[in-house]
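Have a look at this one.
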Amino acid sequence: MSKPIKQIHLAAHFPGVNNTTVWSDPAAGSHIEFESFKRFARTAERAKFDFLFLAEGLRLREQGGKIYDLDVVGRPDTFTVLTALAAVTERIGLTGTINSTFNEPYEVARQFASLDHLSDGRAAWNVVTSWDAFTGENFRRGGYLAAEDRYARAETFLRTAWELFDSWDGYEIVADKESGVFLSDPRAGTFEHRDRHFDIAGRFNVPRSPQGRPVIFQAGDSDAGREFAASASDAIFGRHSTLEAGQAFYSDVKGRLARYGRAHEDLLILPAATFVLGDTDAEAQELAHEVRRAQVSGQTAIKHLEQLWNRDLSGYDPDGPLPEIDPDVSGESISKGRAADRLYRDRIAVANEWREEAAAKNLSIRELMIEKSAPQSFIGSAETVATRIDELVQADAADGFILVPHITPGGLDGFADTVVPILQERGRFRTEYTGTTLRDHLGLGQPRSDRYPDRSAAARSAEAAEAAEAAAVAQDTEAAGAAAETAGAAS
């Protein structure tokens, strides 16, 4: 029996200023003005992408006590941008990264429920944790949580938010003008959650939104992160975009679903992927080389090397050899807000590996940093890139890709105009949106409410109507009684 052909999911990530973008290119625009976000979103929607994705930066990163020069613009508030985009788009999903370490469930649930209403059901939440005290200094609670506590809080945070979303059934609002009954259930929105992370009780003030709950994304790659994704996420923002690594990750995460009572199709694997297009494969390869050199300038190469060496290397020539001096492992990290401390746990060992590779290939500091920083995932003509994406999806290395262009906001245009039509012609990607919500685009069902697990929409609607009628009768009886009392007093 032949395997069914999978439909490809595509999304677009609007990157902040960092070494994945070429901010100095004449075609590059602002990373903070709304026109950039609007153009980017409309291009993705024109191409019928599933969703647009925004990352989050809670603090400007530093190196040697100074703001890291490629991160200086930071990122504007996620909810503000997504809400504005909801007004200038119609179908594309709106996905934002919101931290679970320094926020509170009620606030985040209220914001996402509001976004889902304002966008007619297009909201998604990428649930992340924060691991460093440097970022925590921006917040009243400060500090940071150990890895096991971060994911425990994140999971509890998410499930608490679900309780808030589900505190409304979706059928309580009757708004019957004749009877004067607005709510069929005066208890709508009530909640209570008490555990070691959260102790809250009250009434959630946003009625159930079109999707019930926003689509949930997760981006962790650790074992705890994979388990969290398998237990609670609708999609995972992965980093494995090659065949072997992608298949291993795909198989591992999907294999965890059954123990949570979930099916294979309940979780989508969507790695981030960069791309460079050309009229021919050779032209694309040449352009990709130019892009990498623009992304990793001499100054940037030194900054990257400093993150491993943990010392000031500004006196070194980026076109020269790696330093003979070893990394500093004695003191505090010079790189704040970056992942270097987690990636380079044994700095000496990694430095020796890099020296061996540089010597074997005769690479300068800059050339080595170009190799060590993430290369483009897809390079080639539109035909070549379309074929490669399809091959990876059909081979279960991914369910689709979240594309990260190197030019913002126009870097997605070429992909939308050349690669997407090829995938559409091959029947691998939609030519029109067939649904209205992000859950529709992703092929996900409506979330099952823990509060109302076994009642169909029809049953709930009927119950709401009965409750409204009963409330109206009670109101009429009360009014009649009041009239009788008034009449008796008058006599």
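Angle between the Cα long axis of helix 347-361 and the longest principal axis of the chain, 0 to 90 degrees, nearest 10?
50 degrees
Something else now. Stick to Cα atoms and the Kirkwood definition of Rh, then tell me Rg/Rh for region 283-367.
Reported Rg/Rh (Cα atoms, Kirkwood Rh): 0.99.
Still on this model: Charges only on Cβ, +1 for Lys and Arg, -1 for Asp and Glu: so what's the dipole of the chain about the Cα centre, in debye to the nearest 20?
200 debye
For region 59-165, just say rounded, prolate or oblate: build the C-alpha gyration tensor, square-root its eigenvalues into a ≥ b ≥ c, call rounded for a/c under 1.5, and beyond that prolate if a/b exceeds b/c, oblate if not. Spell out each step's value before the answer.
Details: a/c = 2.75, a/b = 1.29, b/c = 2.13.
Taking the square roots of the gyration eigenvalues as a ≥ b ≥ c, region 59-165 is oblate.
If I model a spin label at Glu56 and Arg239 as a point 7 Å from the Cα along the Cα→Cβ vector, what separation in nanometres do I get?
1.8 nm
Name the residue farthest towards the positive end of the dipole of the chain from the options Ala263, Ala273, Ser24, assuming +1 on Cβ of Lys and Arg, -1 on Cβ of Asp and Glu, about the Cα centre.
The residue sitting farthest along the positive end of the dipole is Ala263.
In the full protein assembly as shown, how much of Ile389 is accessible to a 1.4 Å probe, in Å² to the nearest 10?
My reading of the accessible area for Ile389 is about 0 Å².
Can you work out the PRE-style zone for Leu343? Point 7 Å along Cα to Cβ, and I want the residues of region 359-403 with backbone N under 17 Å.
Under 17 Å, as judged by backbone N against the label point of Leu343, lie 365-377 of region 359-403.
If you roll a 1.4 Å probe over the chain with all protein chains in place, what percent of the accessible area is carbon or sulfur?
About 50 percent, which is the carbon plus sulfur part of the accessible surface.
Follow-up question, since we're still on this one. Place a +1 charge on the Cβ of each Lys and Arg in region 299-454 and a -1 charge on the Cβ of each Asp and Glu, then give the dipole magnitude about the Cα centre in debye, rounded to the nearest 20.
With Lys and Arg at +1 and Asp and Glu at -1, about 400 debye.
Cα centroids of region 301-331 and region 9-84: how far apart, whole angstrom?
First find each Cα centre; the distance between them is then 29 Å.
Using only the Cα atoms, what convex hull volume per residue in Å³ does region 249-398 have? Spell out each step's value before the answer.
Values: hull volume 23.8 nm³, N = 150.
It is 159 Å³ per residue.
Right, next: Provide the convex hull volume over Cα atoms per residue for the chain, in Å³.
189 Å³
Using only Cα atoms and rounding to the nearest 10 degrees, what angle (0 to 90) does helix 34-46 make with the longest principal axis of the chain?
80 degrees
Along the charge dipole of the chain, Cβ charges K/R +1 and D/E -1, which of Ile5, His240, Val72 sits furthest on the positive end?
So the residue we want is His240.
As a check on your grasp of the helix formula, calculate [θ] at 222 nm for the chain: sum -39500 (n - 2.57) over DSSP H runs of n ≥ 4, divide by the residue count, round to the nearest 500.
On the way: 16 runs with 196 residues, N = 491.
Counting only the DSSP helices, I get -12500 deg cm²/dmol.
Tell me, what ³J(HN,Hα) does each residue in region 299-305 have, in order and in whole Hz, if you take phi through Karplus 6.51 cos²θ - 1.76 cosθ + 1.60 with θ = phi - 60° and put x for Gly and Pro?
Whole-Hz 3J(HN,Hα) from phi for region 299-305: 4, 5, 4, 5, 4, 5, 5.
At 1.4 Å probe size, put Ser314, Ser377, Ser231 in order of accessible surface, largest to smallest. Present the calculation step by step, with values, prior to reporting the outcome.
Details: Ser314 85, Ser377 45, Ser231 15 Å².
Correct descending sequence by accessible area is Ser314, Ser377, Ser231.
Here's something else I'd like to know. Going by Cα centres, region 193-231 and region 397-444 are how many Å apart?
Answer, in whole Å: 27.
What are the equivalent ellipsoid semi-axes of region 199-294, built from the alpha-carbon gyration tensor (square roots of five times its eigenvalues), in whole angstrom, biggest first? Kindly include the intermediate steps, with their values, before the conclusion.
Working: eigenvalues 261, 76, 30 Å².
Gyration-tensor ellipsoid for region 199-294: 36, 19, 12 Å.
Just list whichever of Lys38/Lys336; Lys6/Lys372; Lys303/Lys336; Lys336/Lys361; Lys3/Lys254 have alpha carbons separated by over 21 Å in the model shown.
Lys38/Lys336; Lys6/Lys372; Lys336/Lys361
Now for a different question. Can you pull out the GluC sites (Glu not before Pro) in region 300-404 whose DSSP state is coil and whose Cβ has at most 11 other Cβ atoms within 10 Å?
Answer in residue order: Glu324, Glu332.
Another one. What's the long-distance tail for region 151-209, i.e. % of Cα pairs beyond 15 Å?
54 percent
Next question, about the same structure. Counting other Cβ atoms within 10 Å, keep those with at most 13, restrict to DSSP loop, and tell me which trypsin sites (Lys or Arg not before Pro) in region 112-207 are left.
Answer by residue number: Arg140, Arg141, Lys177, Arg187, Arg196.
Can you check what the Kirkwood hydrodynamic radius comes to for region 94-240, Cα pairs only, in Å to one decimal?
By the Kirkwood definition, the hydrodynamic radius is 16.4 Å.
Next up: Using only protein heavy atoms and a 1.4 Å probe, report how much of Leu423 is accessible, in Å² to the nearest 10.
Approximately 0 Å² of Leu423 is accessible to the 1.4 Å probe.
Oh, and also: Can you give the direction-averaged projected area of the convex hull of the alpha-carbon atoms in region 1-81, in nm²? Display every interim value, and only then the final one.
Numbers: hull surface 33.4 nm².
Averaged projected area of region 1-81's Cα convex hull equals 8.4 nm².
Same structure again: Taking loop as defined by DSSP and a crowding limit of 13 other beta carbons within 10 Å, which GluC sites (Glu not before Pro) in region 80-177 fit?
Passing sites in region 80-177 are Glu90, Glu137.
Using the Cβ atoms and a cut-off under 14 Å, what net charge is assigned to the surroundings of Pro409, where Lys and Arg are +1 and Asp and Glu are -1? List each step's numbers first, then the result.
Working: positive: Lys38, Arg39, Arg42, Arg46; negative: Asp25, Glu33, Glu35, Glu45, Asp413.
With Lys, Arg at +1 and Asp, Glu at -1, the net is -1.
Over region 124-180, how many percent of alpha carbon pairs lie in each 10 Å bin up to the one with the longest distance?
Distribution as computed: 19, 31, 23, 12, 11, 4 percent.
Treating the beta-carbon of each Lys and Arg as +1 and of each Asp and Glu as -1, no other charges, what is the dipole magnitude of region 243-384 about its Cα centre, to the nearest 20 debye?
Values: 17 positive and 25 negative charges, 153 e Å.
Once rounded to the nearest 20, the dipole reads 740 debye.
Count the DSSP beta bridges whose two residues both fall in the chain, then state the antiparallel fraction as a percent rounded to the nearest 5.
Looking only at bridges with both residues in the chain, the antiparallel portion is about 25 percent.
The values are calculated or read from the model by the stated rules, or taken from the named source; none is laboratory data. Not measured: the values here are computed from a predicted model. Positions of Cβ are backbone-derived with ideal geometry, glycine not excepted, and every protein chain shown enters the neighbour counts. The protein model used for the area step is the full one, side chains on, heavy atoms only, and it has no ligands, DNA or RNA in it. Shrake-Rupley method; radii C 1.70, N 1.55, O 1.52, S 1.80 Å.
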